[in-house]
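As structure tokens, the structure follows; a few thoughts come after it.
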Amino acid sequence: MQKELPLRKKIRLEGYDYSQDGYYHITICVENGHEMLAQIVGDAALGVPCVELTDIGKVVKHYIENINIVYGDEVKLNKYVIMPNHIHMIIVINNSGTPRAASPTKAKIPKVINSLKGLVTRKIGFAIWHRSYNDRILRNEEAYRNIWQYIDENPLKWAEDIY
């Protein structure tokens, strides 16, 4: 008798076209929360903690910073932070007259994320990523500003949690 697999929770917004223009907050996590991308160093009490990348974190940074080069004007990375066990990014999709993907599976966001994960995996020689990623559609300027601030303050909040 074959064991029934558990139903997986749908993490993408049902019916949303991820190829359309917009601002997206993306979070990519390391499998099992392993802290292998960076360390947060400095004193949270003084408000000066900073991110110190590991060798793996430096590889991740290289490929993140190539997003704007590889995808041109259609995909722009506006902001990011590499944390010990996850990454936060704001990605902007701007089709500006280019044909859109026919379905969400061919949309730009999954393509960018899967490419990033794959390139890092090949470069370091082993897989580190959680199976999927989290996304949030930033629908207005207030949401955009809030996420920008959240990304800026993420190292400080991490440091506060460990001190």
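The values are calculated or read from the model by the stated rules, or taken from the named source; none is laboratory data. Note that the coordinates shown come from a computational prediction; the quantities given were computed from them, not determined experimentally. Cβ coordinates were reconstructed from backbone atoms using ideal geometry, including for glycine residues, and neighbour counts include every protein chain displayed.
Taking Ile64 as the residue in question, decide whether it is closer than 17 Å to Gly22 by Cβ, modelled with pLDDT of 95 or more and part of a helix (DSSP H, G or I). Please lay out each step first, then the result.
Values: closer than 17 Å to Gly22 by Cβ: no; modelled with pLDDT of 95 or more: yes; part of a helix (DSSP H, G or I): yes.
Taking the combined requirement at face value, the residue does not satisfy it.
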(request) Only residues that are in contact (Cβ under 8 Å) with a residue 12 or more places away in the chain, of a type outside the set (Val, Ile, Thr) and under 19 Å from Pro84 (Cα atoms): list them for region 136-152, please. (result) Trp148, Tyr150, Asp152
(request) List the number of the failed condition for Trp158; all other conditions in (1) surrounded by fewer than 18 Cβ atoms within 10 Å (Cβ to Cβ); (2) closer than 24 Å to Asn32 by Cβ; (3) in contact (Cβ under 8 Å) with a residue 60 or more places away in the chain hold. (result) (1)
(request) Take Asn78 and decide whether it is surrounded by fewer than 18 Cβ atoms within 10 Å (Cβ to Cβ), part of a strand (DSSP E or B), within 16 Å of the chain's Cα centre (by Cα) and modelled with pLDDT of 95 or more. (result) yes
(request) Taking the residues in region 18-51 that are modelled with pLDDT under 95 and charged (D, E, K, R) as candidates, determine which candidate is surrounded by the fewest Cβ atoms within 10 Å (Cβ to Cβ). (result) Asp43
